[in-house]
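Visitor: One structure is given below, represented as structure tokens, and several questions about it will come after.
Coordinate-derived values only; no laboratory data. This is a predicted model, so every value here is computed, not measured. Heads up, the Cβs are rebuilt from the backbone with ideal geometry, glycines too, and the neighbour counts pull from every protein chain shown.
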Amino acid sequence: MKPRFKVGDRVRCCLGGDWEPWKTGTIVALYGVGSAPKNKNYPYWIQCDDGSNIKAPEDCDLVIQKIEGNILNPFPEKKELNAAALLREAALFAEAPTEDDCPICGFRLPMKNGTITNVCCGQSLCTGCNVLSLDKCLLCGENKEKTPEEAIKILNDRVENATNDSAKITALCMLASCYDLGVKGLPQDSKMAHKLWVQASELGPSKDAHYHLSQSYGKYNKERGVEKDEAKEVFHMEEAAMIGDAAARCELGRYEHSRGRYDRAKKHMIVSAESGCDSCMEKLKRGKKKGVVTKEEYKRTLRAHKQSRISTGGIHRDISTMIYKNLAIGPGGVSKVFK
């Protein structure tokens, strides 16, 4: 692959790891060009401003970036914001809404992989209560096990006839996931999935829709038939984060870190960790060791993180996790364990 930069270009480089400092310098050699050694794993030799020499392990923005404009300020903050942008910025770092409570046990619904949305009624409950409910849905009383044809028919009917937008959004996102994965008898069609997520996001706030759209304009753009667009990727990631998606918030932290904006990265990770994200809590722990996160910030965030984890507890959830992991069976086969 042709190198993105040439000898003499001013760059900033990060050799990896959370909170590692970026170094500024000048490219003095391209590996494999001229007398430089041929090693595709280290495309650039950089002479840093502090006198050291480093090798860039990859040719990507997460590792090496060209310095534009003022070289004394290699990590410029965002441009001056107008009134609307300032309001969005304030909302972005405001306290994120928490997940809803499980309507059965009353504990807060876990993030991502601890919540199940039943096709029969379109309502969400925790995996623990889903296990204990056996074959019948505890919310509507219907049989949970549906054939693929029945499930798709129910979702399509809900999209067409539901009287509230929330039910339509949930059905659209479930259909989009079925198309994206090629399950429930539907063909694998990521382009159709993208269209359904767009439709869901236009109806109202949806963490699921915005998170997947951010992925569409990022790493999955080719599969979903859209142009890679960093601005749209970040916009939808921020929309999901403001609604309370801790995974999107964690992704924003990584994104800001890759752009050298460590203060913004830390803010995102603190919000995500306070919502219960173990990954961000671990990153902040490493940040404290490097002096980026203060002792007070770490203590405050750790207390909120522990409280968040307690609020999503429950022995029935621990049992369901054990069943899913150790017996490797899906929701449709859980009831067989109790028979």
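Visitor: Using a simple spin-label model with points 7 Å from Cα along the Cα→Cβ vector, what separation in nm is obtained for Asp278 and Ser311?
Guide: Here the answer is 1.9 nm between the modelled labels.
Visitor: Subtracting the Cα-Cα distance from 0.36 nm times the residue separation, let me have the gained length for Arg10 to Asn53 in nm, one decimal.
Guide: 14.1 nm
Visitor: With the cut-off at 1.5 for a/c, could you classify region 194-325 from its C-alpha gyration tensor as rounded, prolate or oblate?
Guide: oblate
Visitor: Provide the packing ranking of 9-15, 50-56, i.e. peptides ordered by the mean count of other C-beta atoms within 10 Å per residue, highest first.
Guide: Ranking, from highest mean packing down: 9-15, 50-56.
Visitor: So if we plug the beta-carbon distance of Asp101 and Gln188 into 1/(1 + (r/R0)^6) with R0 = 45 Å, what FRET efficiency do we get, rounded to 0.05?
Guide: 0.80
Visitor: Follow-up. Note the full-extension length gain between Glu160 and Arg303 as 0.36 nm times their separation in residues minus their Cα-Cα distance, in nm to one decimal.
Guide: That pair, Glu160 and Arg303, stretches by 47.0 nm at full extension.
Visitor: Give the span of region 132-283's Cα atoms along each principal axis, as three whole-Å numbers ordered largest to smallest.
Guide: 50, 39, 26
Visitor: Hey, how many Å between the Cα centroid of region 274-314 and the Cα centroid of region 138-159?
Guide: 39
Visitor: Classify region 98-167: rounded, prolate or oblate, from the alpha-carbon gyration tensor (a ≥ b ≥ c, eigenvalue square roots; a/c under 1.5 rounded; otherwise prolate if a/b is larger than b/c)?
Guide: Verdict is oblate for region 98-167.
Visitor: Using r as the Cβ-Cβ distance of Lys2 and Tyr42, and R0 as 22 Å, what FRET efficiency do you calculate, to the nearest 0.05?
Guide: Step by step, r from the Cβ atoms, then E = 0.85.
Visitor: Something else about it: For an R0 of 35 angstrom, estimate the FRET efficiency from the Cβ-Cβ distance between Ala83 and Arg254 and round to the nearest 0.05.
Guide: 0.75
Visitor: Further question: Mind putting a number on the dipole of region 237-302 about its Cα centre? Charges go on the C-beta only, +1 for Lys and Arg and -1 for Asp and Glu, and I need it in Debye to the nearest 20.
Guide: 540
Visitor: Summing Lys, Arg as +1 and Asp, Glu as -1, what charge do residues with Cβ under 11 Å from the Cβ of Ser206 carry, Ser206 excluded?
Guide: The answer is -3.
Visitor: First check a/c for region 249-296, with a ≥ b ≥ c the square roots of the eigenvalues of its C-alpha gyration tensor; if it is under 1.5, answer rounded, and if not, answer prolate when a/b is larger than b/c or oblate otherwise.
Guide: oblate
Visitor: For region 231-240, in order, what is each residue's ³J(HN,Hα) by Karplus, 6.51 cos²θ - 1.76 cosθ + 1.60 with θ = phi - 60°, in whole Hz (x at glycine and Pro)?
Guide: These are the phi-based 3J(HN,Hα) values: 4, 5, 4, 5, 4, 5, 5, 5, 4, 5 Hz.
Visitor: Please give, to one decimal in nm, the separation of the simple spin-label points placed at Thr147 and Leu30, each 7 Å out from Cα toward the Cβ.
Guide: Here the answer is 6.1 nm between the modelled labels.
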